[in-house]
1. So how many residues does segment 100-131 have that are crowded, with 16+ Cβ neighbours inside 10 Å, closer than 17 Å to Lys7 by Cβ and not β-branched (Val, Ile, Thr)?
2. Just checking, does segment 135-155 include any residue being under 20 Å from Val18 (Cβ atoms), without any contact (Cβ under 8 Å) to a residue 24 or more places away in the chain and not assigned by TED's automatic domain parsing to the domain that holds Glu4?
3. Is segment 169-180 home to any residue that is touching a His at 6+ places or on another chain (Cβ under 8 Å) and crowded, with 16+ Cβ neighbours inside 10 Å?
4. Determine whether segment 71-89 contains at least one residue that is at pLDDT below 90, hydrophobic (A, V, I, L, M, F, W, C) and part of a loop (DSSP other than H, G, I, E, B).
5. Of (1) in contact with a His (Cβ under 9 Å, 6 or more places away or on another chain); (2) modelled with pLDDT of 85 or more; (3) among the hydrophobic types (A, V, I, L, M, F, W, C), Ala155 satisfies all except one. Which?
6. Kindly list the number of the only condition in (1) of a type in the set (Lys, Arg); (2) exposed (fewer than 15 other Cβ atoms within 10 Å of the Cβ); (3) not in a loop (DSSP other than H, G, I, E, B) that fails for Arg165.
7. If you scan segment 1-22, which residues turn out to be under 13 Å from Gly93 (Cα atoms) and surrounded by fewer than 20 Cβ atoms within 10 Å (Cβ to Cβ)?
Amino acid sequence: MSTERQKVARIVHSNSHVDYVGRVLDRFEVNKPPSLADYGFGQFVVIPVGEQEIVGVIYNSLLLNPEYGNYGPRLSPLPDLAIFSPDFLAEQGVLVGILTLGWQADGRAEHGIPSYTIPVGAEVYRMEDDEWRRFHCDERGRIHLHYFVHATTHAREFALPLIERILRRLEPLCSEEERKRLCVLKKSLSWQQFFSRPRF
């Protein structure tokens, strides 16, 4: 694994075999905390598990703030908490939803549902641009998106903006014929979203 990768989060929970929750690392845990772009919507990540690296995409986020709703008096002002109770500050943070889309091992990438379960505490890294391109290209260098149905099913209300963001990033790598295929996928998803909306 490349030492240049930015460590982003640790897995803390799962909603299913393909839907995980990671807690974004902060300055109390690492010397170089991730930037906002490292865990933004649509950012691809890798999670080493055994001999494989699970590939996922961040599709949701949630703020964690145990203090919310606590209107009682403070014994210490907020700046002093960093000295006297740093563990209190560390309880606040950002959770990210990670949808797994495939895996990579021995220089090969596969789209689909990984066999392995990601354990609690597994480290999440930002996927580098060259890895991202390899993940989306077959042996002949052609663009493929075999996780399309899987992503649209499990990303739920975020499916359309998530796929649109991925397609926009893929377009510069595509041939004219591949762009036409991506356009068909985009229209198909738009129609699915339109007909699935409640109408009164």
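The values are calculated or read from the model by the stated rules, or taken from the named source; none is laboratory data. Everything numeric here is computed off the predicted structure, so don't read it as measured data. Positions of Cβ are backbone-derived with ideal geometry, glycine not excepted, and every protein chain shown enters the neighbour counts.
1. Total meeting the criteria: 6.
2. So in segment 135-155, the residues under 20 Å from Val18 (Cβ atoms) come out as 135-136, 144-155.
Pick out the ones that are also without any contact (Cβ under 8 Å) to a residue 24 or more places away in the chain and you get 149, 153.
Filter once more, keeping what is not assigned by TED's automatic domain parsing to the domain that holds Glu4: 149, 153.
Yes: segment 135-155 contains one or more residues that are under 20 Å from Val18 (Cβ atoms), without any contact (Cβ under 8 Å) to a residue 24 or more places away in the chain and not assigned by TED's automatic domain parsing to the domain that holds Glu4.
3. Checking segment 169-180: at least one residue is touching a His at 6+ places or on another chain (Cβ under 8 Å) and crowded, with 16+ Cβ neighbours inside 10 Å.
4. Yes, that holds for at least one residue.
5. Single failed check for Ala155: (1).
6. Answer for Arg165: the failing condition is (2).
7. Narrowing segment 1-22 to residues under 13 Å from Gly93 (Cα atoms): 8-10, 12, 21-22.
Hits for segment 1-22 are Arg10, Val12, Val21.
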